[in-house]
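Worksheet: the structure to be examined is printed underneath.
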Amino acid sequence: MSADLLGTHFDIHGGGMDLKFPHHENEIAQSCAATGDRFANLWIHNGFVNVDSEKMSKSLGNFFTVREVLPTLRHPEVLRFFFLMSHYRGPINYSLDQLEQADAALRGIYTALRDLPVVPAVESEYTARFHEVMDDDLNTPEAIAVLQRMTREINLAKDTGKERKAAALAAELRGLARVLGVVTLEPEQWFRL
């Protein structure tokens, strides 16, 4: 199936931690033997999604689809932010409390961005740190922490009358957040939802 859709060699192959051995090792052996080509450059194995600290599964009846969850959220960014708050290889504990925390964290970022003029982004140590943690096995929880530190600094700059500094940081934050697919709305759009 993958060869039909992606060719005999592609960049990233993913799956759950439970597929590492023997499933993926067998898949590599079979594909390389059949095609004579290297199968995939990167193998990414994600952790399980848990519901209230128990593995999500259809058989346990604690299974939700994205279509079921999205209508309960302010915006799809909340779900994306929720997932980004956990490392992809670690377990994710799905709960309403966790979704509310993601919503509150996004609301805090959007609040900091309110009423600031649009200025060109200037890269700072925040951009360097963001790239460093993303280059470290896609460490999105640390990338989110960078955005939250920036949010605190934006709020401090606004509180002390340093609007140009706040605006420059806001432009930088927006650029970094968009790498993750969050903070894609204008603040006023967020608060109208």
**Q.** Loop sites in segment 1-94: chymotrypsin sites (Phe, Trp or Tyr not before Pro), DSSP, at most 12 other Cβ within 10 Å
**A.** PHE63, PHE64
Q) Check ILE92: other-chain or 5+ apart residues with amide H under 5 Å from its amide H, H built from backbone geometry? A) PHE48, VAL49, ASN50
Q) Which value in deg cm²/dmol, rounded to the nearest 500, describes the helix-derived mean residue ellipticity at 222 nm for the chain, given -39,500 (n - 2.57) per DSSP H run of n ≥ 4 and division by the residue count? A) -16000 deg cm²/dmol
Q | Rg followed by Dmax, in Å, when the chain is reduced to its Cα trace | A | 20.2, 66
Q) Given the protein chains as shown and a 1.4 Å probe, how many square angstrom of PHE21 are accessible, to the nearest 10? A) 140
Q: Give the calculated FRET efficiency between TRP43 and ASN139 to the nearest 0.05, with a Förster radius of 30 Å applied to their Cβ-Cβ distance.
A: 0.95
Q) Which value in Å does the Kirkwood hydrodynamic radius of segment 59-132 take, with 1/r averaged over all unlike C-alpha pairs and then inverted? A) 14.9
**Q.** Nearest 10 degrees, 0 to 90: helix 25-35 Cα axis against the chain principal axis
**A.** 70
Q) In terms of modelled amide H atoms, which long-range or inter-chain residues lie less than 5 Å from the amide H of ILE44? A) HIS13, GLY14, GLY15
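Roughly speaking, to the nearest percent, how much of the chain's 1.4 Å accessible area is carbon and sulfur?
So the carbon and sulfur contribution to the accessible surface is 54 percent.
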Q: Set the Förster radius R0 to 35 Å, insert the Cβ-Cβ distance between ARG80 and HIS23 as r into 1/(1 + (r/R0)^6), and round the FRET efficiency to 0.05.
A: 0.80
Q) So how much accessible area does ASP11 have, in Å² to the nearest 10, using a 1.4 Å probe? A) 100
Q. If you take the beta carbon distance between PHE191 and HIS131 as r and set R0 to 35 Å, what does 1/(1 + (r/R0)^6) give as a FRET efficiency, to the nearest 0.05?
A. 0.70
Q. For the chain, modelled as a GNM with alpha-carbon contacts under 10 angstrom, which of ASN46, ASN62, ASN93 fluctuates the most?
A. ASN62
Q) Rounded, prolate or oblate: which one fits segment 91-173, using the alpha carbon gyration tensor with axes a ≥ b ≥ c (rounded when a/c is under 1.5, else prolate when a/b beats b/c, else oblate)? A) oblate
**Q.** Residue among PRO91, PRO22, PRO141 with the largest mean-square fluctuation in a Gaussian network model of the chain, springs linking Cα atoms under 10 Å
**A.** PRO22
Q | Rounded tilt (10° steps) of 125-135 against the dominant C-alpha axis of the chain | A | 10
(Q) Could you give the length gained by full extension between SER53 and VAL69, i.e. 0.36 nm per residue of separation minus their alpha carbon distance, to one decimal place? (A) 4.0 nm
Q. Are there trypsin sites (Lys or Arg not before Pro) in segment 56-120 that DSSP marks as loop and that have at most 10 other Cβ atoms within 10 Å, and which are they?
A. LYS58
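The values are calculated or read from the model by the stated rules, or taken from the named source; none is laboratory data. These numbers were taken from a predicted model, which means no experiment stands behind them. Using ideal geometry, Cβ is built from the backbone for each residue, glycine included, and neighbour counts are taken over all protein chains shown. Note: areas computed on protein heavy atoms with side chains; ligands, DNA, RNA excluded. Shrake-Rupley method; radii C 1.70, N 1.55, O 1.52, S 1.80 Å.
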